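Undergrad: Sharing a structure here in structure tokens format.
The values are calculated or read from the model by the stated rules, or taken from the named source; none is laboratory data. Everything numeric in this text was worked out from a predicted model, so none of it was measured. Cβ atoms come from the backbone with ideal geometry, glycine included; neighbour counts cover every protein chain shown. The area values use the complete protein model at the heavy-atom level, side chains included, leaving out ligands, DNA and RNA. Shrake-Rupley method; radii C 1.70, N 1.55, O 1.52, S 1.80 Å.
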Amino acid sequence: MAEGGGDGRWWAIRGLAAVGDAQALPLIVASLTDGDPAVRSVAALALASLYLRYPEDVQPFLSWLADFLADDDGLVRQSAADALSQCGDAAVDALAGALNSPHEGVRVRAAAALHRIGTLATAPSLYHHLEDTNPLVRHYAYETLDRLGLLTNLLLARQ
């Protein structure tokens with residue numbers, strides 16, 4: 001952990017994730033810009049925890065959370081993807097927007113998160129990326145659509 005109380009901030013955010021209510025959102029959202037990547041990471045996951053209890057309050061922050069798919073730190077990028085996937089269909093629009101990023105890593109993390117969600121709501125955005133330039137994005141799109149039983153129908157329609 002970084003010096004200057006990063007460990008204390010990490011535990012505070014972790015505690016709010018476990019027992020906090022919607023009033024904890026401003027502190028958690030502010031922690032997404034903390035200088036310590038571990039604090040940013042736990043803040044992303046805390047949003048997912050709060051989403052399970054207060055979905056209406058957290059929903060407006062999901063698009064902003066998708067911006068952290070491009071964070072400088074790998075742990076933060078992965079935590080943002082994991083948090084968004086835990087929010088299920090509510091995060092589909094934010095992840096669909098990230099699929100249009102010019103940054104390949106962002107597209108891969110967004111496609112992987114949509115794959116983990118794996119509902120019909122993910123199909124339209126993944127369909128449009130069956131021919132993405134990145135092979136991992138294509139893989140996640142293909143696997144998700146196949147698992148949903150949509151791939152055969154989509155490929156026949158494309159001929």
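Undergrad: Take the stretch 62-82 and flag every residue that is under 9 Å from the mean Cα position of the chain (by Cα), more than 21 Å from P124 (Cα to Cα) and small (G, A, S).
TA: S79, A80, listed by residue number.
Undergrad: Does D7 meet the test of being at pLDDT below 95 and either outside any helix (DSSP H, G or I) or farther than 21 Å from A110 by Cβ (or both)?
TA: Spelling it out, D7 is indeed at pLDDT below 95 and either outside any helix (DSSP H, G or I) or farther than 21 Å from A110 by Cβ (or both).
Undergrad: Going by the structure shown, is D7 open to solvent by 40 Å² or more (accessible area, probe 1.4 Å) and touching a Phe, Trp or Tyr at 6+ places or on another chain (Cβ under 8 Å)?
TA: no
Undergrad: OK, next. Of all residues in the stretch 51-80, which are among the aliphatic types (A, V, I, L, M) and surrounded by fewer than 22 Cβ atoms within 10 Å (Cβ to Cβ)?
TA: L52, L62, A70, L75
Undergrad: If you don't mind, there's one more thing I want to ask. Do any helices (runs of 4 or more DSSP H) lying entirely in the stretch 11-58 carry at least 2 residues that are at pLDDT 95 or above and of a type in the set (A, V, I, L, M, F, W, C), and which ones are they?
TA: The helices (runs of 4 or more DSSP H) meeting that bar are 25-31, 37-53.
Undergrad: Between A112, A141, A123, A90, which is in contact (Cβ under 8 Å) with a residue 12 or more places away in the chain, under 24 Å from A43 (Cβ atoms) and open to solvent by less than 20 Å² (accessible area, probe 1.4 Å)?
TA: Result: A112 is the single residue among A112, A141, A123, A90 that is in contact (Cβ under 8 Å) with a residue 12 or more places away in the chain, under 24 Å from A43 (Cβ atoms) and open to solvent by less than 20 Å² (accessible area, probe 1.4 Å).
Undergrad: Now for a different question. Looking at the stretch 123-132, which of its residues are not in a loop (DSSP other than H, G, I, E, B) and not polar (S, T, N, Q)?
TA: Across the stretch 123-132, the qualifying residues are A123, P124, L126, Y127.
Undergrad: Of all residues in the stretch 16-50, which are in contact (Cβ under 8 Å) with a residue 24 or more places away in the chain and more than 23 Å from G74 (Cβ to Cβ)?
TA: L16, A18, G20, D21, A22, A24, L25, L50
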